[in-house]
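Data first, discussion second: the structure below is written as structure tokens.
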Amino acid sequence: MPATTTLTARALLLDMDSTIVNSEAVVERCWRRWAAEQELDADEVLKVVHGRQGWATMAALLPDRPMELNLADNRRMLAQETADMDGVVPVPGAPAFMAALATVPHALVTSADVPLSDARMGAAGLPMPVVRITAESVSASKPDPEGFLKGAAELGFAPEDCLVFEDSEAGIEAGRAAGMRVVGVGDRAAAFDPTAQVRDLTRVRVEVLADGAVAVHLTA
């Protein structure tokens, strides 16, 4: 019988890409183009792009490159990604998971900007949470915890009362740095020591308790 882990929280903070929305095909297309422009190994670039804002990834890959070039490329790539929804679909189980959160305090905390998050959530057919922390909301990219701390504050909960759902190394580090427990979603997440890990959102069941808390049941 599969093992089940239960974590209790007051609010959930959700990353978007590869956590509730599968946008891997678009991300790969855009970053392979950029890697070719910079004469970098695309496979190596793709190992570090997940979770961060684009300019932060560029700075990590090309530390001597002027930041204004990274910011310009980031704006260009955001526009390309927002125009490209080919292959964007919900992560398995995401529609039912999001429906189960209708009465649960939750927020989207993404490194995407507002237009890109609108486009991808729409393409995946997922409801946009009322509280949304995007690239425009923060001064620092994941793995900095600013986004998750802002999400918790806007929902009105202490960090320790929040449960993060993330897929990437940068995102999982950000959640931990915020003092939160982290559910890793997808095979990639397992390598980064989340509090618990699931293959996809079909392995998650949300139960609202009598006191308003949320029991999140995770099946291995």
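Tabulated results
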item	result
For the range 9-97: accessible area per residue (Å², 1.4 Å)	46
Gyration tensor verdict on the range 134-220 (Cα atoms; rounded if a/c is under 1.5, prolate if a/b is larger than b/c, oblate otherwise)	oblate
For the chain: relative contact order, % (alpha-carbon pairs under 8 angstrom, 6 or more apart)	29
Positive minus negative residues near PRO159 (Lys, Arg vs Asp, Glu; Cβ under 13 Å)	0
R0 of 22 Å, Cβ-Cβ distance MET67-SER137: FRET efficiency to nearest 0.05	0.65
Portion, in percent, of the accessible area of the chain that falls on carbon or sulfur, probe 1.4 Å	54
Order by protection proxy (mean Cβ within 10 Å, highest first), peptides 31-43, 131-143	131-143, 31-43
The chain - mean residue ellipticity at 222 nm from DSSP helices (-39,500 (n - 2.57) per run, n ≥ 4, rounded to 500)	-11000 deg cm²/dmol
Dipole axis of the range 71-201 (+1 Lys, Arg; -1 Asp, Glu on Cβ), positive-most option in VAL89, ALA107, PRO143	ALA107
Whole-angstrom gap from the range 64-116 to the range 121-189, using each part's C-alpha centre	12
Efficiency of FRET from Cβ geometry, ALA220 and GLN38, R₀ 30 Å, rounded to 0.05	0.15
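The values are calculated or read from the model by the stated rules, or taken from the named source; none is laboratory data. For clarity, every value in this text was computed on a predicted model and none was experimentally measured. All Cβ positions, glycine included, derive from the backbone under ideal geometry; neighbour counts span all protein chains shown. Calculation scope for accessible area: heavy atoms of the full protein, side chains included, ligands and nucleic acids excluded. Shrake-Rupley method; radii C 1.70, N 1.55, O 1.52, S 1.80 Å.
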